[in-house]
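The values are calculated or read from the model by the stated rules, or taken from the named source; none is laboratory data. Owing to the predicted nature of the structure, the values given are computational and were not obtained by experimental measurement. Quick reminder, even Gly has a Cβ in these numbers, built from the backbone with ideal geometry, and neighbours come from all protein chains shown. The area values use the complete protein model at the heavy-atom level, side chains included, leaving out ligands, DNA and RNA. Shrake-Rupley method; radii C 1.70, N 1.55, O 1.52, S 1.80 Å.
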Amino acid sequence: MDGSKLSLDELKDRFSEIKPALSKREASIEANRCLYCFDAPCIAACPTSIDVPTFIHKISTDNVLGAATTILEANLLAATCSRVCPVEELCEGACVLGTDHKPIEIGRLQRYAMDYLYDRDLMPLTTAPPNGKKVAVIGAGPAGLSCAGELAKLGYQVTVLEKQNLPGGLSTYGIVVMREPIRIALEEVEFVKKLGVEIKTGVEVGKDISAKDLLEQYDAVFIATGMGKVPDLGIPGEDLSGVSEALSFIAETKLAEKEGLERLSKLPVGRRVAVIGAGNTAIDAATIAKRLGADNVTIVYRRSAEEMPAYDFEYEFIKNEGVEFRFLSQPLEILGENGQVSGLRCDKMQLGEPGDDGRHQVSPVPNSEFTLECDQVIKAIGQEKLLELFAAFELELKRGYVKVDETLRSSNPQVFAGGDCIRAGGLAMTVTATEDGKIAAKSIHNWLLETTS
Amino acid sequence: MADLSTTFAGIKSPNPFWLASAPPTNSAYQINKAFEQGWGGAVWKTIGAPVLNVSSRYGGYEYKGNKLVAINNVELISDRPLEVNLREIREVKKLWSGRAVIVSAMVESKPEAWHDVVMKIEDTGADGIELNYGCPHGMSERGMGAAVGQVPEYCTMITEWVTSVASIPVIVKLTPNVTDITKPALAAVQAKADALSLINTINSIIGVDLDNFQLKPNVGGKGSHGGYAGPAVKPVALHMLSAVAQEEAVQRVGLPISGMGGIQTWRDAAEFLLLGATSLQVCTAVMHYGFRIIEDLTEGLSNWLDEKGIKSVGEIIGASVPRVSDFGDFDLSYKVVARIDPETCTNCNLCYIACDEGAHQCIDLTVDGHKIDPASYAGSVKPIPVVREDDCVGCNLCSLVCPVDSCITMLEVDSGRDSITWKELTSQKPEVLNWDEMEKYRREVGIKIH
């Protein structure tokens, strides 16, 4: 595998944000198109209940700082959310204008307000005086940052422990560059730090500090670790050169883009790439491979298009990228030549009766084996749960996720949890993680108020 | 955060935003709701003479898909019994001591009627009285409202009836349905009014229904002129405000003015303040969107003041009034010309056609620097509009029609002439009022008429 064969200009085109920023005039026209509904459905459709009509009204009067303030009061990860939220399924999907014409571009207007704030380095939020209470947050992704920021606003001394070298979680490492450049994720982290939150990176709980020490040193702990590593497929050939997993592949492009296009152009990519899995991460990895210049990218999925976990709009998007699909195909072995990937041997599958989860069972079609020629295989088949860490806190689990009540408190009264470590699949979004952080912060606050009064 | 608190004729409010006397201030229910959301004050919907209202009442002016660019109405003053209004006013003022509660009044043009209503209003604990000399429909036919505001002598007389007995501030609300707003304003000053407010609604017919030829709003097959208000009236209100604010007699006694007429956003509010308003009244925007707009009004104004490094709203009141001048004092040698940025130009050519047919013919359509005739040009290269700066009179029209931000800028250039005003010129050289002499003068100083 070599670096991209594309010119730097072409790479720039391919890795710039998919939706461009709104100009001031565009934002003004779009904001003035908003009806400023009362008790609006877009607010109800937002998991963090951003007061959408109010912030858009403020953009329409050119009170953009006020707009950003309204947004941040509900959502500290608003710059990320404005870029990565599936708005078609959330606020924009609920817009009353959608019934007879085009819904308001809420996501892009939110981005306009957040860009305004970050470009000017403004801090419109105020924090309460220190209350002497300490909270540890494990994981500096959206849920952790949201919880940390909300608690800091209430006067808590919050320390976030992050295993990775950079904070930001999936915003930093996992969301493709074209949706959110790393710069945005890190600006958002800086904003939370300005609220008084301390973030320690390169610190792994269970290794650098024990769960027991954390519970002793802090009044409460919020676990927002997300998910762990991508598991093995359990098929031969996984150790061949040219086999990687989707999240690392995406993370490499994020970090490379941060250093410049030159660095991005040196990233190795196959000519023929097979991506295993059909979730949103698989779509992202396939998009990246294609945009880095792979001649052919094929998504290999053992079920049919109907069962794909990826959003419909992602599926539409990727078809336009020229990515191919091999549905009803189950990888059996990664083939190699001289230690390097040369192909993917698969079985054809057939749909059977629907299983417990409503999805069709699949079974191999006898004698249907075929080989997909490829020089790179990317695995996008979900992530493992961080069971060891959960065990260290002696937490009850539910299907491998931390079991929490509606206040996001775990079986250990001192420990709360949120984000991807408490929920699965399609419901796991940045915006739900952000809301988890808010809920947990409120619960921690209420609990500590009770115990001290 | 800038200090928005306001003192108006001794009446204090936490911000300059008051609800104007109108449907949003019809009841304690509404005003309590408004105060909960942060409004600084409210002028109670006019109380006084008994009335009967009609239905329908309002007409909307929709312009190019925008609803309620303006509204007009034939609604009268409060039709709730006087006693109910007075009781509620008392309750509201008791609950909200820090907010401005003003009561608008309009009664028959008799001294005893005015004395009586003043006493009743004072008895509620209200902070001030606003005399409604503005209502342009329904009441004026009965010798009230605009019928008073349009005759300066009546204005003085009735204001005196009130100021002679009132112990709380008296605000005279002026009608814009006059040729010169300063006349009734000065009449009120003469009668020792404590403050002025303007503008009330403008006489209007909002439109005709093309399906059935009915006027809008339609009251059982008939229509009438109604009071025009909302964003579209703002420029008229700003003019009248500045005219009154500039009056020497108003400035001498330091008479505060409550400005209104189309205030929809904090930007509008800032303009009213700059042109001399001490407090601001809002109606149509609330009728459209509800009391919640107060959040953006106060926050937007405060953010803007912060950005400008201004500590309190008081510092900007009237700051632009000294710039309001007569035409005769304009510098005839000041010169701006339009410049079109070819990089951002989208070739819509609206500037070209506006200048060529609607103004002074100084924009050319060009290809490779050569003027082309759009009627016969058939080339594939899109022509670019270019201003002939020597001919440009600096009228602004092209920059006003240009849909692209900062594509057309009006650039100040040196005309090469000494500064002189029309007043100076005509006093130094009265002969220029003769065309031949004017031509001679132009040649001398190098004024070229294109």
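Numbers at a glance
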| quantity | calculated |
| --- | --- |
| B:Trp435, A:Trp447, B:Trp39, B:Trp422, ranked by accessible area, largest first (probe 1.4 Å) | B:Trp435, B:Trp422, A:Trp447, B:Trp39 |
| Using alpha-carbon coordinates, inclination of helix A:280-291 to the longest axis of chain A, degrees | 70 |
| Packing-based order for A:281-293, A:91-103, using average beta carbon neighbours within 10 Å, highest first | A:281-293, A:91-103 |
| All-pairs Cα distance distribution in region A:47-88, expressed in whole percent, bin size 10 Å | 31, 56, 13 |
| Listed residue (B:Ser164, B:Pro111, B:Pro14) projecting farthest to the positive dipole end of region B:6-321, Cβ model | B:Pro14 |
| Peptide ranges B:258-268, B:183-193 listed from the most packed, as the mean C-beta count within 10 angstrom indicates | B:258-268, B:183-193 |
| Tilt relative to chain A, helix A:182-194 - C-alpha long axis, 0 to 90 degrees, to 10 | 30 |
| Compactness of the protein assembly as shown - radius of gyration and Dmax, Cα, Å | 34.9, 110 |
| A:Lys102-B:Lys448 FRET efficiency (beta carbon distance; Förster radius 60 Å; 0.05 resolution) | 0.75 |
| Per-residue average of Cβ from other chains inside 10 Å of A:66-79 | 1 |
| Highest-MSF residue in chain B out of B:Glu295, B:Glu437, B:Glu36 [GNM, Cα springs under 10 Å] | B:Glu437 |
| Contact order relative to length of chain A, as percent, for alpha carbon pairs under 8 angstrom and 6 or more apart | 17 |
| Accessible surface, chain B, averaged per residue in Å² (probe 1.4 Å) | 47 |
| Förster radius 45 Å - calculated FRET efficiency between A:Ser7 and A:Leu125, Cβ distance, rounded to 0.05 | 0.55 |
| Sorted peptide list for A:220-228, A:177-185, criterion being average Cβ within 10 angstrom, highest first | A:220-228, A:177-185 |
| Within a Gaussian network of chain B (alpha carbon springs, distance under 10 Å), most fluctuating of B:Val170, B:Val103, B:Val367 | B:Val367 |
| Acute angle (nearest 10 degrees) that the helix A:246-259 long axis makes with the longest principal axis of chain A, alpha-carbon atoms | 60 |
| Size of charge dipole - the protein assembly as shown - debye, nearest 20, with Cβ of Lys, Arg +1 and Asp, Glu -1, no other charges | 1220 |
| Residue with peak Gaussian network fluctuation, chain B [Cα springs, cutoff 10 Å], from B:Ile340, B:Ile89, B:Ile206 | B:Ile340 |
| Size of electric dipole in region A:243-379: Cβ of Lys, Arg +1 and of Asp, Glu -1, about Cα centre, debye, nearest 20 | 320 |
| Long-range Cα-Cα pairs in region B:355-413 (distance over 18 Å), rounded percent | 39 |
| For region B:265-374, average projected area of the Cα convex hull in nm² | 12.1 |
| In Hz, Karplus ³J(HN,Hα) per residue of region A:196-210 (6.51, -1.76, 1.60; θ = phi - 60°; x = Gly, Pro) | x, 7, 9, 10, 10, 9, x, 10, 10, 6, x, 10, 8, 8, 8 |
| Two-decimal ratio, region B:194-331, of alpha-carbon radius of gyration to 2.2 N^0.38 Å | 1.25 |
| For chain A, the fraction of alpha-carbon pairs in successive 20 Å shells from zero, as % | 24, 54, 22, 0 |
| Which of B:Leu273, B:Pro217, B:Ser78, positive extreme of dipole for region B:6-321 (C-beta unit charges) | B:Pro217 |
| Within 10 Å of each Cβ in A:59-65, the average number of Cβ atoms from other chains | 6 |
| Rg/Rh ratio calculated on Cα atoms of region B:157-268 (Kirkwood radius) | 1.09 |
| Globularity ratio of region A:271-419, using Cα Rg and 2.2 N^0.38 Å | 1.28 |
| Per-selection Rg to Rh, region B:1-154 - Cα, Kirkwood hydrodynamic radius | 0.99 |
| Helix-only [θ]222 nm of chain B, DSSP H runs n ≥ 4, -39500 (n - 2.57) each, per residue, nearest 500 | -9000 deg cm²/dmol |
| Accessible area buried at the B-A interface, both sides summed, 1.4 Å probe (Å², nearest 100) | 1300 |
| Alpha-carbon Rg/Rh ratio, for region B:327-445, with Rh computed the Kirkwood way | 1.08 |
| Carbon plus sulfur fraction of accessible area for the protein assembly as shown, probe 1.4 Å, in percent | 50 |
| Rounded accessible area per residue of chain A, 1.4 Å, Å² | 43 |
| Whole-angstrom gap from region A:23-99 to region B:204-267, using each part's C-alpha centre | 32 |
| Average Cα contact separation per residue, region B:273-400, under 8 Å, 6 or more apart, as relative contact order % | 25 |
| Average beta carbon contacts from partner chains per residue of B:300-307, 10 Å cutoff | 4 |
| Chain B: relative contact order in percent, alpha carbon pairs under 8 Å with at least 6 residues between | 14 |
| Isotropically averaged projected area of chain B, using the convex hull of Cα atoms (one quarter of hull area), nm² | 27.4 |
| Zero-based 5 Å bins, Cα pair distances in region A:16-120, whole percents | 2, 14, 27, 28, 20, 6, 1, 0 |
| Options A:Leu170, A:Tyr218, A:Thr371, ranked by Cα towards positive dipole end of the protein assembly as shown, top entry (Cβ charges) | A:Tyr218 |
| Directionally averaged projected area (convex hull, Cα atoms, region B:61-134), nm² | 6.8 |
| Charge dipole (debye, nearest 20) of chain B; +1 at Cβ of Lys and Arg, -1 at Cβ of Asp and Glu | 1180 |
